1. Report whether or not I271 is surrounded by fewer than 18 Cβ atoms within 10 Å (Cβ to Cβ), of a type in the set (A, V, I, L, M) and more than 23 Å from the chain's Cα centre (by Cα).
2. Check I227, I328 and return the single one that is closer than 26 Å to F125 by Cβ and either outside any helix (DSSP H, G or I) or among the β-branched types (V, I, T) (or both).
3. Mind checking which residues of the stretch 306-361 are under 15 Å from I402 (Cβ atoms), surrounded by fewer than 16 Cβ atoms within 10 Å (Cβ to Cβ) and aliphatic (A, V, I, L, M)?
4. Can you tell me which residue among F497, F527 is among the aromatic types (F, W, Y) and at pLDDT 70 or above?
5. Which one is least open to solvent (accessible area, probe 1.4 Å), of the residues in the stretch 369-402 that are among the β-branched types (V, I, T) and at pLDDT 80 or above?
6. Out of (1) modelled with pLDDT under 80; (2) open to solvent by 30 Å² or more (accessible area, probe 1.4 Å); (3) within 26 Å of A63 (Cα to Cα), what's the single condition that is false for V110?
7. Can you run down the residue pairs with Cβ atoms below 8 Å, 6 or more apart or on separate chains, where the first is in the stretch 200-211 and under 18 Å from V130 (Cβ atoms) and the partner is open to solvent by 10 Å² or more (accessible area, probe 1.4 Å) and part of a helix (DSSP H, G or I)?
Amino acid sequence: MARFSFSRLYVVARRLLRESPVETLVCIVFTVLAIAMAADRLDTQIGCKLMYFPICASIAFAAGWACQGKWRPFYWLALVPTSLALFPTTSPQGWPYGMGLLLCFILIFVCKPSARDNESFANNFVATLVDASLATAVGALLTLTLLAMCAGIGYLFDLESYDIFNYCWQWGLFLVGPLSFCAMQNRRGNITSTLPTFVGHLSRYILIPAVIIYTVILYIYAAKVFITMDLPLDGVAGIVMAFYIAALAAMLLHKAYPMKYYDWFFRWFGIISLPLLVLFWWGLCYRINAYSFTDSRIYLVLAGVLMSACSLVLIIRHDKLSFRVIAIVSAILIGAITYIPGINAEDIGLHSQMSRLERYMDKLGVRDAKTGKFCKTTKAGSKFSQADLDELEAAYLYIWNIDEDLAKNKYCNREELMGTDSPYFEGITFTQAPNKTKAKARIEIVYRKKPVDTSRYPYLAGNDYSIEVEENILVVKHNEHIVLSEPSDSPSIAQSFTISNDSIMVVVDSYDKMKGSVNGSYNCLVFTSRP
């Protein structure tokens, strides 16, 4: 059995510095940044840049494997993402950060030159995951060891060790773990000819059977939707996408093993997936048509195109499906719609929601013809569906969350727009949306329709009042004492949306309740007759 020695550790460190200088430098930079953050030497805004570490480290690893021989000078360009990440104006947020992680995850598996055919790609895929798991275990073990040592020293010598604890985990997370992973990888791309036995058992007895069972579940749901002609639930597109990715992973592992127990399933998977893709496109296209594009729907469209293309290849020539080509094409398309200005998901979603907002502004008559900004309605006394106002507010909030200055300068301030008491909607009576619209969303939403007379209860209650639901009963408490209760589905709530007694009145602004659920979400105000 190999024995630990500092000389061996020294040899490994020298080899890392010689063969992997960029990876080592990236890990050291982020380790120093993390320690400085733990020591309160940096503010939170700079410290949040630690989230860029997985992206920067992945790019460095991928560049180290891909840039060999005459391409070696380009290897040093992998330092550019780290430099940009530390730039003062950068800040990780939302979909671009998540897609950046996914993109780097793909790059790790496609940059080894020898991983070209499906079998070697599968071996590379599993070997890389195994190395990453072992490296994570090494980093965690070092962290636990340091924590135990610090705790022991603090206890024995009566020292304050809390501050030292803050420094321990940085070494394992940002330095030892990633560099252990880097040391485990073979730069020459020599991939073992067979996958580990335990991986074969996991795929054969757990992953692939789970995929087959979930196929049956999705088929049963698809049959229900097609027979009843109900709109697929909002999250079905994401479920189908996750299922398809799991199925491709199972197919990849199945191809790498000599015993083809599930050929009967994967040989026909292209055709099997067609009804599920119809379900995917049906729900997605309906929501795009009803609510326009958002950045998430852009990525779902991309996923749908890739899934449809894979199924088409599987139907035409099952043996020609290349998982490495799928990964490369996915990486290119994800990079394009994430980072290229004008065609990225954020820009497309923003322009689409601006068009949606302006369409509803025109419908409600609250758009100034010259400036395009909100103005007071000229349709006083008209009746509009509450759903129209919901659509308008949803579009505005999307724009506001993406670019607050654009929303303020082009339309109006957020505080002025939100709510039916907005000055832009004076004189308009909003009626409830048709029941069938609410049924499709599987959420019952009721809004207060009329102003409420609070003359008997002139004082707005403070924070010592709380409102909650207990066994389908709306309960109002004052300092933990129940002062008012009413069934949440009682006529008094559903119709007038106020409940009261001699001392207090609860005004329910809105009530959202999932179908089949006993509880709901309430937006309420409590008024009292005494201060």
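1. Numbers: surrounded by fewer than 18 Cβ atoms within 10 Å (Cβ to Cβ): yes; of a type in the set (A, V, I, L, M): yes; more than 23 Å from the chain's Cα centre (by Cα): yes.
Judged against the criteria, I271 is a match.
2. Details: I227 fails: closer than 26 Å to F125 by Cβ.
On inspection, the qualifying residue turns out to be I328.
3. none
4. Working: F497 fails: at pLDDT 70 or above.
It is F527.
5. So in the stretch 369-402, the residues among the β-branched types (V, I, T) come out as 371, 377-378, 399, 402.
Among the residues that remain, those that are also at pLDDT 80 or above are: 371, 399, 402.
On the way: T371: 93, I399: 0, I402: 58 Å².
Applying the filter and picking the extreme gives I399.
6. For V110, the failing item is (2).
7. G200/L253; S203/L253; S203/H254; L207/A246; L207/A249; L207/L253
The values are calculated or read from the model by the stated rules, or taken from the named source; none is laboratory data. This is a predicted model, so every value here is computed, not measured. Every residue, glycine as well, gets a Cβ built from its backbone with ideal geometry; the counts of neighbours run over all protein chains shown. The accessibility values were calculated without ligands, DNA or RNA, using every heavy atom of the protein model including side chains. Shrake-Rupley method; radii C 1.70, N 1.55, O 1.52, S 1.80 Å.
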